[in-house]
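Colleague: Sharing a structure, written as structure tokens. Questions coming.
What follows is calculated from the coordinates using simple rules that are stated; it is not laboratory data. Please read these numbers as outputs of a predicted model, since none were measured by experiment. Cβ placement follows ideal geometry from the backbone for every residue including glycine, while neighbour counts extend to all protein chains displayed.
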Amino acid sequence: MLSSRICARCAWLGIILDERANGAAAPRITAQASRVRVYVIPTDEERMIAEHTVKHIGQAALLN
């Protein structure tokens, strides 16, 4: 999983991944002993990109 690799590279921050929580798609994927809490926040990145693009194209069209 991508989150496992990211957390492993950030271990120097004190991140301790809870593999069970990560595998179960829990909102918080770090162990209680972790110095840093890591949460998974669901998002629809493609939709956000599309909304921002429409916003900026719309603004550009008004200026022309």
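Colleague: Using the Kirkwood radius over C-alpha pairs as Rh, can you work out the diffusion coefficient of the chain via Stokes-Einstein at 25 °C, viscosity 0.890 mPa s, in µm² per second?
Modeller: 175 µm²/s
Colleague: Size of the dipole of the chain about the Cα centre, Lys and Arg at +1 and Asp and Glu at -1 on the beta carbon, nothing else charged, in debye to 20?
Modeller: About 300 debye.
Colleague: Right, next: Calculate for the chain the 222 nm mean residue ellipticity that helices alone would give, adding -39,500 (n - 2.57) per DSSP H run of length 4 or more and normalising by residue count, nearest 500 deg cm²/dmol.
Modeller: Details: 3 runs with 32 residues, N = 64.
So the helix-based figure for the chain works out to -15000 deg cm²/dmol.
Colleague: Here's a follow-up. If amide hydrogens are placed 1.01 Å from N in the peptide plane, which non-local residues have theirs closer than 5 Å to the one on Asp18?
Modeller: Thr30, Ala31
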